[in-house]
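**Student:** Just dropping this structure here.
The values are calculated or read from the model by the stated rules, or taken from the named source; none is laboratory data. Keep in mind the model is a prediction, meaning the values are calculated, not measured. All Cβ positions, glycine included, derive from the backbone under ideal geometry; neighbour counts span all protein chains shown.
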Amino acid sequence: MANGHHDVIVIGAGSVGVPAALALAEAGLDVLVVDRYASPGQGANKAAIGGVRATHSDTAKIRIGLKSIELLSAWQETHGDNIEWHTGGYTFVAYEPREERMLKDLLEVQHRYGLNIDWLDREELLRAVPALEPEGLIGGTLSPEDGNASPLLALHAMYARARALGAEFRFGETVTAIPVENGRVRGVATDRARYDAPVVINAAGAHARPIAQLAGLDVPVTPDAHEGGVTEAVARFLEPMVVDTRPRPGSANFYFYQHHTGQIVFCITPDPPIVGTDRRETSAFLPMVSRRMIEVMPRLRHIKVRRTWRGLYPMTPDGAPIVGWAREVEGFVQAVGMCGQGFMLGPGLGAYLARLVTDSLEAEDREVFDLLSPYRVFAGTEQLR
């Protein structure tokens, strides 16, 4: 049974799907969002720790990140909702020459695209972040305009605004088929109904690959697990998100910041990756990340951890999202593989997707989509994952 015709159907009501629906509704389109869960943000979004940065090594992600910061930092003033935005900045610390070289080399491309970021030597960085372990510290970068927000509050604020503009959401429905006729997508079928539209956007996060396969396509997105946690609240002493990219046995990078309520929120990247969709946290995670955090910031030693969790990162071969029209199926858009950065990229990417669907791309937009093309050569890797 067909349940109406829409301009665009978005599969996934998460960190990418909801802001995409909002931007499309703002552009005047009739939008339907379909999601298997009971409410928005029940996939990777609910495991996000809230960091939002434009500080990347990839120019497409820099531009999208800048747009996200523009939208999120002005959200309360523009729309009235408190999404707990805080412009606290990010610092990538260097305790070894390898990290120093990488961070300094990246400054050229970051400055070229307008990022407010600088290298601080040891003494300058300690003045900015006094709690850092001084022994062995070489320096680091500081990008003061990056920040953080509540993934829950931000996504629900965007969801409410999208609905107010006419976007329709269907929860608790699993997409079972994506009809394609004469090389063109015709909509989606779920376990409850069929919905028609000339444009379908795959924003299914960790489930992106099986969704693409329903349209006869494949996309190299493989979910793996990262683990996060939150401490008790303590008096504020830390402003920026701290990121340490040094590899250690069992882990790659890790990062943490102090929420405005005083809690320390943290996350670590397992190495080797924990591939799959198992969202049960492990007992090995907390001792590993605790050691690393205390190594960088000794005053964290006595803070009590209140909760840990696991979230899924939909990874791509080169660490960059896969976004753009499918050549094989007209009207089908991939917006997948955010590599754990869906919350920070989603608002900006939604604006780009709206311009893509409405055929109003500017020259800089086309460069972004070229870099994120599903048909690019997947070579190299994002250095500031």
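**Student:** Quick one: residue 311 ticks every box in (1) touching a helix residue (DSSP H, G or I) at 6+ places or on another chain (Cβ under 9 Å); (2) free of Cβ contacts under 8 Å to residues at least 40 places away in the same chain; (3) not polar (S, T, N, Q) bar one, so which box is it?
**Tutor:** (2)
**Student:** Suppose we filter 327, 366 for residues that are surrounded by fewer than 24 Cβ atoms within 10 Å (Cβ to Cβ) and more than 25 Å from residue 216 (Cα to Cα); which single one remains? Working first, answer last.
**Tutor:** On the way: 327 fails: more than 25 Å from residue 216 (Cα to Cα).
The unique qualifying residue is 366.
**Student:** How about segment 230-275: which of its residues are polar (S, T, N, Q) and modelled with pLDDT under 95?
**Tutor:** Taking segment 230-275 and keeping what is polar (S, T, N, Q), we get 231, 245, 251, 253, 258, 261, 263, 269.
251, 253, 261, 269 - these are the residues of segment 230-275 that are polar (S, T, N, Q) and modelled with pLDDT under 95.
**Student:** Go through segment 34-67 residue by residue and tally those that are surrounded by 18 or more Cβ atoms within 10 Å (Cβ to Cβ) and in contact with a strand residue (DSSP E or B) (Cβ under 6 Å, 6 or more places away or on another chain).
**Tutor:** Looking only at that region, the number is 10.
**Student:** Further question on the same structure: So residue 291 fits all but one of (1) assigned by TED's automatic domain parsing to the domain that holds residue 237; (2) surrounded by fewer than 15 Cβ atoms within 10 Å (Cβ to Cβ); (3) touching a strand residue (DSSP E or B) at 6+ places or on another chain (Cβ under 7 Å); what number is the exception?
**Tutor:** All conditions are met except number (3).
**Student:** Is it true that some residue in segment 75-92 is at pLDDT below 95 and either under 20 Å from the mean Cα position of the chain (by Cα) or in the same structural domain as residue 135 (by TED's automatic domain parsing) (or both)? I'd like the intermediate steps shown before the answer.
**Tutor:** To start, the set of residues in segment 75-92 that are at pLDDT below 95 comprises none.
No, there is no match, as no residue in segment 75-92 is at pLDDT below 95 and either under 20 Å from the mean Cα position of the chain (by Cα) or in the same structural domain as residue 135 (by TED's automatic domain parsing) (or both).
**Student:** Could you tell me whether any residue of segment 204-215 is outside the structural domain of residue 99 (by TED's automatic domain parsing), modelled with pLDDT of 95 or more, in contact with a helix residue (DSSP H, G or I) (Cβ under 6 Å, 6 or more places away or on another chain) and over 30 Å from residue 98 (Cα atoms)?
**Tutor:** The answer is yes; a qualifying residue exists.
**Student:** Taking the options 252, 235, name whichever one is part of a strand (DSSP E or B) and either of a type in the set (A, V, I, L, M, F, W, C) or within 20 Å of the chain's Cα centre (by Cα) (or both). Even if it seems obvious, please write down each step before you answer.
**Tutor:** Working: 235 fails: part of a strand (DSSP E or B).
Going through 252, 235 in turn, just one is part of a strand (DSSP E or B) and either of a type in the set (A, V, I, L, M, F, W, C) or within 20 Å of the chain's Cα centre (by Cα) (or both): 252.
**Student:** While we're on this one: Among the residues of segment 255-271, which ones are closer than 20 Å to residue 141 by Cα and either in a loop (DSSP other than H, G, I, E, B) or among the hydrophobic types (A, V, I, L, M, F, W, C) (or both)?
**Tutor:** Across segment 255-271, the qualifying residues are 256, 266, 267, 268.
**Student:** Can I ask one more? Pick from segment 164-221 the residues that are of a type in the set (Ser, Thr, Tyr) and part of a strand (DSSP E or B): which of them is surrounded by the most Cβ atoms within 10 Å (Cβ to Cβ)? Please lay out each step first, then the result.
**Tutor:** Taking segment 164-221 first, the residues of a type in the set (Ser, Thr, Tyr) are 174, 176, 190, 195.
Filter once more, keeping what is part of a strand (DSSP E or B): 176, 190, 195.
On the way: 176: 12, 190: 19, 195: 23.
The residue in question is 195.
**Student:** Just one of 329, 336 is within 30 Å of residue 84 (Cβ to Cβ) and assigned by TED's automatic domain parsing to the domain that holds residue 210; which is it? Talk me through it step by step, then tell me what you get.
**Tutor:** On the way: 329 fails: within 30 Å of residue 84 (Cβ to Cβ).
Just a single option satisfies the conditions, and that option is 336.
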